[in-house]
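Following: one structure in structure tokens, then a few remarks.
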Amino acid sequence: MSARRERAIRAGHASADRLMDGGHPGHTPVPLPEGAAETWIAFDQAVRDIHRFRYGTAYNGADVVALCHPDGYVREGALRGPDPVLELVAIRCTDWVPAVREQARRVLRAVLDADPAGTVRRLTPLLLRLGRREHGAWALELLPAALRGERLRAELRGSPDLPTRRFAARLSLESGEFGGRELARLAAAELDPQTSQLWADAALAAMAADGPDDEAFDSLVGAHLPMVRATGVTALRGAGRAAAAGKHLTDRSGLVRACARWVVRQDGGDPYAHYRELVEDPGSITPYAVTGFAECARRGDAPLLRALLAHPGNAVRAAAVGGLRLLDVTDHELLRPLLDDPSAAVAREASLSLRATAGRLPTDWLLARIAPDRPAHTRRAAYRLLHAQGGVAGLRASVELLTDGDPVLRRIAAQHIQSIWSPYRPLALPARDPEVGALLDRCTGLFSDWVLRQMRSRLGLPPGKSTTDGY
């Protein structure tokens, strides 16, 4: 469950509690923002649950409560009252009691006839979710007819609610109101991957029918989302513009770079030669050129990437380290000093490259780099390698960082220590080691007494401190 949806559900439950406790009798429980569909659904369920399970709760006669009441007669009567809450009317349109359902639909139809635009703006996110219910198809069938107006569809295409944006996009496509150029612009501007792909596919279909459009292609290959850019780059070949794919070989997205390499090869070009020319030219080198070169290079090209480890650009150095990792080239003597690099990106890439062979690194040398006087990025990179070493060295470093001044390191260290325990696999620690017992005594606050007893028993250690002693 997403954090946004979880917050919306909690808000619905809280509103129901306040209302049933007499906080807002007779009124909408709380002002709800547009698109808070989950809040209304959760509110409806919570009011009903409180009626059923909270002994002694009396019905206070509030219309809002009546619309959610467990008794179908009460719900139906509330729908006949003046100005029932529209969101709850929509929910009652999917009610399991036929009489309640039919009355709610009459009310909603009347409101929709009186103010179609306002009702659609207000209820579309909710109706889309209710459409998944057994009796929800009726409400969904109302929307296409109510969304005939192009202006209203445009409003919903900009909704913060993703299902609403996607629904409005599908209706716009069905209406055929856009040509290839407009569809490409919409795909380029859209931030939701699913919706942007709808626009991009429709733009390509329109150009296949009407002929290529250079402006539409420029919009696609310049889009925000990599998936849309990749779609546009791949389509360049079919449009007779394969030569334009070369400038996308250094795109920030690996997917787009791969598509550009394919188009260049299909056109008879050599992406490797193009990348090598960029990497060897100090004036044209970029981090993504280095990464792209590594993606199609061979291990014999490692010297060229090693030379870039001394480049003045932080991002280029980091890309060179990552490129060597892609080529499966790990030079400890070359990469070890990069943990002290002033660039956090370079230190991180170096630690990632050294992680698989961390056991070959001197533990004391790494421990010196998690000292409080070292830069934060150096400490985190060194600790990553200490943790990769595992055993007593990793536990020792993690315990030392439990009281560190860096909250990120404290959190990571605690998580790493907790990951030691598993009831289904052996503990990766030496048995009957007094130092391990002393270290476990310093982190009792991370485990229950039962887990600590199990760990010590497995390791052949005597009982230690209780979890109530903390760490």
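Odds and ends about this structure:
- Test: residue in region 294-304 that is buried (at least 17 other Cβ atoms within 10 Å of the Cβ), over 34 Å from the mean Cα position of the chain (by Cα) and of a type in the set (G, A, S): yes
- Boolean, A200 is part of a helix (DSSP H, G or I) and surrounded by 19 or more Cβ atoms within 10 Å (Cβ to Cβ): yes
- Residue in region 115-150 that is farthest from F167 (Cα to Cα), counting only those that are free of Cβ contacts under 8 Å to residues at least 24 places away in the same chain and in a loop (DSSP other than H, G, I, E, B): D115
- Here the condition is being over 31 Å from the mean Cα position of the chain (by Cα) and of a type in the set (S, T, Y); of T164, T124, T119, it holds for T119 alone.
- Hits in region 130-148 - residues which are hydrophobic (A, V, I, L, M, F, W, C) and over 29 Å from the mean Cα position of the chain (by Cα): A137, W138, A139, L142, L143, A145, A146, L147
- Residues within region 258-293 that are surrounded by fewer than 15 Cβ atoms within 10 Å (Cβ to Cβ) and touching a Gly at 6+ places or on another chain (Cβ under 6 Å), tallied: 0
- Region 157-194: number of residues that are assigned to a loop (DSSP other than H, G, I, E, B) and closer than 15 Å to L127 by Cα: 2
- Residue among R265, R325 that is touching a Leu at 6+ places or on another chain (Cβ under 7 Å) and either farther than 25 Å from T357 by Cβ or part of a helix (DSSP H, G or I) (or both): R325
- For region 279-322, residues that are assigned to a loop (DSSP other than H, G, I, E, B) and of a type in the set (K, R) total 1.
- Exactly one residue out of G394, G437 is part of a helix (DSSP H, G or I), on the phi < 0 side of the Ramachandran plot, surrounded by 15 or more Cβ atoms within 10 Å (Cβ to Cβ) and touching a residue at least 24 places away in the same chain (Cβ under 8 Å): that is G437.
- When the criteria are applied in full, L339 fails the requirement of being of a type in the set (A, V, I, L, M), within 28 Å of V228 (Cβ to Cβ) and in contact with a helix residue (DSSP H, G or I) (Cβ under 7 Å, 6 or more places away or on another chain).
- Filter result for the condition that a residue is aliphatic (A, V, I, L, M) and either touching a Leu at 6+ places or on another chain (Cβ under 7 Å) or at pLDDT below 90 (or both), over A438, A431: A431
- Selection count, region 316-356, where residues are among the hydrophobic types (A, V, I, L, M, F, W, C) and closer than 18 Å to P375 by Cβ: 12
- The condition of being of a type outside the set (F, W, Y) and out of contact with any Asp or Glu (no Cβ under 9 Å at 6 or more places or on another chain) holds for only one of A260, A223, A208, that being A208.
- Test for L401: is it touching a residue at least 24 places away in the same chain (Cβ under 8 Å), crowded, with 18+ Cβ neighbours inside 10 Å and outside any loop (DSSP other than H, G, I, E, B): yes
- If you check L386, L409, L367, L429 for being farther than 29 Å from L326 by Cα and either in contact (Cβ under 8 Å) with a residue 12 or more places away in the chain or among the acidic types (D, E) (or both), only one passes: L429.
- Any chance R276 is assigned to a helix (DSSP H, G or I) and either of a type in the set (D, E) or closer than 23 Å to H311 by Cβ (or both): yes
The values are calculated or read from the model by the stated rules, or taken from the named source; none is laboratory data. All values reported here derive from a predicted model rather than from experimental measurement. FYI the Cβ positions are ideal-geometry reconstructions off the backbone, even for glycines, and counts take in every protein chain you see.
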